[in-house]
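To start, the structure itself, in structure tokens.
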Amino acid sequence: MTNEELITYFDEQLFLPDLKATSKDELFEEIVDQFVKIKYLKNREILLDMLRRREQLGSTGIGKNVAIPHGRTTSASDVMIAFGKSKQGIEYNSVDNKPVNLVFMIIAPPQDENNIYLPILGKMVEILNKSKTRSKLMEAETYEEFIDIILKG
């Protein structure tokens, strides 16, 4: 998967540069509410339940102040990624026990035609592994800046 292909799964309406959440559960609700608000998802509770169950398997806080909560749900018709940024940091029970500042929530249907879900996860981890990219994402204030950083990631 290329960075150019990856950006097609983002939507400006799912760019949240100033998250208010202070806990993992508040974070899930804040981002899921945005998915519902733009009518990408109909059933808020199904998605929240799926995300919470996924966390029980192991934290999606991958370290270095990054979390990639993700999962498949029947309430999604296509793969979509929301990006959120928290300046204050969110308690997340990450693998390195550090708060999370950068969040990429990946939602996919039970089966996606091109089976793109896992390549997206892999590409996100590859991009976010670079400290320079994470620093730039913390500074991004507009969707255009964000997309440019991902493209260059």
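FYI, it's all coordinate maths here, none of it is from the lab. Keep in mind the model is a prediction, meaning the values are calculated, not measured. FYI the Cβ positions are ideal-geometry reconstructions off the backbone, even for glycines, and counts take in every protein chain you see.
In the structure shown, do any of K42/K152; K39/K64; K39/K123; K42/K130; K37/K130 have a Cα-Cα gap over 30 Å, and if so which?
Details: K42/K152 33 Å; K39/K64 32 Å; K39/K123 26 Å; K42/K130 35 Å; K37/K130 32 Å.
With Cα atoms farther than 30 Å apart: K42/K152; K39/K64; K42/K130; K37/K130.
Based on alpha-carbon centroids, what's the gap between the stretch 71-87 and the stretch 89-141 in Å, whole number please?
11 Å
Computed FRET efficiency, Cβ-Cβ of D49 and D148, R0 25 Å: what is it to the nearest 0.05?
Numbers: r = 35 Å, r/R0 = 1.41.
Approximately 0.10, to the nearest 0.05.
When the Karplus curve 6.51 cos²θ - 1.76 cosθ + 1.60 is applied with θ = phi - 60°, which whole-Hz ³J(HN,Hα) does each residue of the stretch 26-34 get, with x for Gly and Pro?
Those phi angles translate into 4, 4, 4, 5, 4, 6, 4, 4, 6 Hz.
From the backbone phi of the stretch 2-14, what are the Karplus-calculated ³J(HN,Hα) couplings (6.51 cos²θ - 1.76 cosθ + 1.60, θ = phi - 60°) in whole Hz, Gly and Pro given as x?
8, 5, 5, 5, 4, 5, 5, 8, 9, 9, 4, 6, 10
Work out from phi, with θ = phi - 60° and the Karplus expression 6.51 cos²θ - 1.76 cosθ + 1.60, the ³J(HN,Hα) of each residue of the stretch 120-126, listed in order in whole Hz, and give x for Gly and Pro.
5, 4, x, 5, 4, 4, 4
Test of understanding: in a Gaussian network model of the chain with alpha carbons linked when under 10 Å, which of P69, P109, P99 would top the mean-square fluctuation ranking?
Its mean-square fluctuation being the largest, the pick is P109.
Restricting to DSSP H runs of at least four residues, report the calculated mean residue ellipticity at 222 nm for the chain, -39500 (n - 2.57) per run over all residues, nearest 500 deg cm²/dmol.
Calculated from helices alone, the mean residue ellipticity at 222 nm is -12500 deg cm²/dmol.
Sort 143-150, 3-10 for me by packing, meaning the mean count of neighbouring Cβ atoms within 10 Å per residue, highest on top.
My ranking of the peptides, most packed first, is 143-150, 3-10.
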